[in-house]
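*Asks:* Take this structure, written in structure tokens, and hold onto it; I'll ask about it next.
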Amino acid sequence: MHNLATAATPETPAPTRGPSLVTETPFVLRRAQLVDVLQLAALVNGYATEGLLLPRSTEQVALALDNYVVAVDAGGRVLACAALEEYSPSVAEIASVAVDRQFRGLGVGSHVVRAAEQVARQRGFLGVFCMSLAERFFTALGYESVSLERYPEKMARYERLAAEGVHIVPKGCFTKSLD
Ligand SMILES: CC(C)(COP(=O)(O)OP(=O)(O)OC[C@H]1O[C@@H](n2cnc3c(N)ncnc32)[C@H](O)[C@@H]1OP(=O)(O)O)[C@@H](O)C(=O)NCCC(=O)NCCS
């Protein structure tokens, strides 16, 4: 059941909007559905308290549901998620990358990030970026470390949120071109 890493497939197929994309692994990758909203918000907010991710209300998650990909087990438990946020017509941010603490280090995070990249490709984005402390995780996925100055609107958003009292830990900025 927990042997996710060895069961993982080398290529992550594009997640589907409707029925689950069933893999030979103990989890499926699919686009998020309404039934996932509470679990998604709880998963992300569990890391937001540490400043690792920005907090999301259930309303924010529900309104942006189409942007989330999830890894779920056979019982519908959300093990991991990632969300795509348009930054510009050609660039999207991969945000809210979170893996349930019990399932970290098993390859699930890599799968949801690749699934979000696939959605980005399908939507016509040429590149993605991500803000994170997990440098080795993103470089292993082909991301390059760049200055946040490359994304001034993201910098401005952090400044606004910090002024509102949101706990934000300074993170690295990682970018990847989508071929
Ligand atoms: C970062 C995170 C998404 C990684 O997911 P995961 O499923 O545990 O990662 P994987 O098992 O796919 O790991 C792939 C590689 O990244 C490395 N890695 C995993 N988490 C890492 C971290 N926090 N920092 C640095 N490297 C990390 C792994 O060691 C592995 O490398 P290896 O194969 O050389 O051992 C997960 O730990 C998490 O939810 N962290 C808290 C939230 C967060 O920081 N999100 C990222 C910002 S959007």
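*Asks:* With the contact rule set at Cα under 8 Å and sequence spacing of 6 or more, what percent relative contact order holds for region 45-179?
*Replies:* 23
*Asks:* Round to the nearest 10 and give me the degree value, 0 to 90, for the angle of helix 152-163's Cα axis relative to the longest principal axis of the chain.
*Replies:* Tilt relative to the chain: about 80 degrees.
*Asks:* I want to check the label-to-label distance for L148 and S57. Put each point 7 Å from Cα in the C-beta direction and report it in nm to one decimal.
*Replies:* 2.4
*Asks:* With everything on Cα atoms, drop me the angle between helix 37-48 and the longest principal axis of the chain, reported from 0 to 90° to the nearest 10.
*Replies:* 50
*Asks:* Provide the per-residue ³J(HN,Hα) series for region 66-81, in order, calculated from phi with Karplus coefficients 6.51, -1.76, 1.60 and θ = phi - 60°, each as a whole number of Hz, with x at glycine and proline positions.
*Replies:* 5, 8, 9, 10, 9, 10, 10, 8, 4, x, x, 6, 7, 8, 6, 8
*Asks:* Next up: Which percent of the Cα-Cα distances in region 104-179 go past 21 Å? Walk me through the numbers on the way to the answer.
*Replies:* Numbers: 1004 of 2850 pairs.
The share of Cα pairs beyond 21 Å in region 104-179 comes to 35 percent.
*Asks:* Test of understanding: express the Cα radius of gyration of region 62-152 as a ratio to 2.2 N^0.38 Å, with N the residue count.
*Replies:* The reported ratio for this selection is 1.08.
*Asks:* Return one number: the angle in degrees, 0 to 90 and rounded to the nearest 10, between the long axis of the Cα atoms of helix 108-122 and the longest principal axis of the Cα atoms of the chain.
*Replies:* Orientation of helix 108-122: about 70 degrees from the principal axis.
*Asks:* Sorted from largest down, what three extents in whole angstroms do the Cα atoms of region 4-177 have along their principal axes?
*Replies:* For region 4-177, the Cα spread along each principal axis is 43, 31, 28 Å.
Every number in this text was worked out from the coordinates using simple rules, so none of it is lab data. Fair warning: this is a prediction, and the values are worked out from it, not measured in the lab. Here the Cβ is made from the backbone with ideal geometry for all residues, glycine too, and neighbour counts use every protein chain on show.
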